[in-house]
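Colleague: Below is the structure I would like to discuss, written out as structure tokens.
The values are calculated or read from the model by the stated rules, or taken from the named source; none is laboratory data. This structure is a prediction, so every number in the text was calculated from the model and none was measured. Note: ideal-geometry Cβ built from the backbone for every residue, glycine included; neighbour counts use all protein chains shown. Note: accessible area is taken over every heavy atom of the protein model, side chains too, but ligands, DNA and RNA are not part of it. Shrake-Rupley method; radii C 1.70, N 1.55, O 1.52, S 1.80 Å.
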Amino acid sequence: MLIVENLSKEFNSGAGPVQAVDSISFEVPEGKFAAIIGKSGSGKSTLLALLGALDKPTSGAIKVGDQDITKLGDQDLIKYRRNRIGFVFQGYNLVPNLTALENVMLPMEFAGVRGAERKARAASLLDQVGITVEEQSRKPSRLSGGQQQRVAIARALANRPQLILADEPTGNLDSTTGKLIVDLLRHLARTEKTTILAVTHDLEIARQTDLTFRLADGKLVGEERHARAQRPAVAA
């Protein structure tokens, strides 16, 4: 579960202090897929950086499972980013000279997982997200955008994180492929018991999540819960 309590981030500018995130509080239960929406400058990117421990808040708490990451020192934050969180980016951010399989194995290598176990888990995850054995041996340049994003999602799951943060995960995809990626993320949140939070500007994508949070001027101004029948993910 992700719990955010009275989270604030203030920056200093030439015109004075800027409250990029202003006393935000919300919760996303384990196994749920949520979206954050808002216009440019609403605070979405700053909030994502705080949740990913890429920046530190001015005040407030961020609890992932039973741990408040705002109280962690630098070394523990490195471990948190490595072991308890996964990132999915709009631009995929795959290592170009590694195969799909090797890309998914990489974070497990950093976590000290043994070679045979790394390979077996990577192959299993790629199969789960719809990447065939033949495609697993390809480098990113030989994969479609949808396939690359599926590899990126498998990589994010590699170290069994409690939280996955997705930054515009469908931004570089056509609408049909983007819909399939959203279905996949929702399916994985449930089956992997992982909390997934995506930043998106696409209201149609946001409506397909379990929860939607709306930001404006650094404040949480709306929350919607979407009830729907669970559908299996479809391979792209």
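Colleague: Which of the residues belonging to the range 128-143 are at pLDDT 95 or above, outside any loop (DSSP other than H, G, I, E, B) and not hydrophobic (A, V, I, L, M, F, W, C)?
Modeller: Filtering the range 128-143 down to residues at pLDDT 95 or above leaves 131-143.
This time we only want the ones that are outside any loop (DSSP other than H, G, I, E, B), so: 133-136, 140-142.
Residues satisfying the conditions are GLU134, GLU135, GLN136, PRO140, SER141, ARG142.
Colleague: Select from the range 68-94 the residues that are in a loop (DSSP other than H, G, I, E, B) and touching a residue at least 60 places away in the same chain (Cβ under 8 Å) and list them in ascending order. If you could, list the steps in order and put the result at the bottom.
Modeller: Residues of the range 68-94 that are in a loop (DSSP other than H, G, I, E, B), as a first pass: 72-73, 84, 90-94.
ARG84, GLN90, GLY91, TYR92, LEU94, listed by residue number.
Colleague: Are there any pairs, at least 6 apart or on different chains, whose C-beta atoms fall under 6 Å, with the first in the range 169-186 and of a type in the set (Ser, Thr, Tyr) and the second part of a helix (DSSP H, G or I), and if so, which?
Modeller: Hits for this filter: THR170/GLY178; THR170/ILE181; THR170/ILE205; THR177/GLY146.
Colleague: Can you find, within the range 14-42, the residue that is surrounded by the fewest Cβ atoms within 10 Å (Cβ to Cβ) among those that are free of Cβ contacts under 8 Å to residues at least 40 places away in the same chain and among the aliphatic types (A, V, I, L, M)?
Modeller: If we take residues in the range 14-42 being free of Cβ contacts under 8 Å to residues at least 40 places away in the same chain and among the aliphatic types (A, V, I, L, M), then ALA15 is surrounded by the fewest Cβ atoms within 10 Å (Cβ to Cβ).
Colleague: Please list, ordered by first then second residue, the pairs with beta carbon atoms under 8 Å, 6 or more apart or interchain, first in the range 214-236 and over 24 Å from GLN19 (Cα atoms) and open to solvent by 90 Å² or more (accessible area, probe 1.4 Å), second at pLDDT 50 or above and in a loop (DSSP other than H, G, I, E, B).
Modeller: ARG225/ASP210
Colleague: Among (1) open to solvent by less than 50 Å² (accessible area, probe 1.4 Å); (2) more than 20 Å from ALA111 (Cβ to Cβ); (3) of a type outside the set (A, V, I, L, M, F, W, C), which single condition is LYS63 missing?
Modeller: Condition not satisfied by LYS63: (1).
Colleague: Which of the residues spanning the range 144-177 are part of a helix (DSSP H, G or I), open to solvent by 20 Å² or more (accessible area, probe 1.4 Å) and of a type in the set (S, T, N, Q)?
Modeller: Of everything in the range 144-177, those that are part of a helix (DSSP H, G or I), open to solvent by 20 Å² or more (accessible area, probe 1.4 Å) and of a type in the set (S, T, N, Q) turn out to be GLN147, GLN148, SER175, THR176, THR177.
Colleague: Looking at ASP55 and the list (1) at positive phi; (2) in contact with a helix residue (DSSP H, G or I) (Cβ under 9 Å, 6 or more places away or on another chain); (3) open to solvent by 20 Å² or more (accessible area, probe 1.4 Å); (4) not in a strand (DSSP E or B), which single condition is not satisfied?
Modeller: Against the list (1) at positive phi; (2) in contact with a helix residue (DSSP H, G or I) (Cβ under 9 Å, 6 or more places away or on another chain); (3) open to solvent by 20 Å² or more (accessible area, probe 1.4 Å); (4) not in a strand (DSSP E or B), ASP55 comes up short only on (1).
Colleague: Of the residues GLY91, GLY86, GLY112, only one is open to solvent by 40 Å² or more (accessible area, probe 1.4 Å) and within 15 Å of the chain's Cα centre (by Cα); which?
Modeller: The conditions single out GLY91.
Colleague: Would you check which residues across the range 178-194 are aliphatic (A, V, I, L, M) and open to solvent by 20 Å² or more (accessible area, probe 1.4 Å) and list them? First the steps, then the outcome.
Modeller: Filtering the range 178-194 for residues aliphatic (A, V, I, L, M) gives 180-182, 184-185, 188-189.
Selection gives LEU180 alone.
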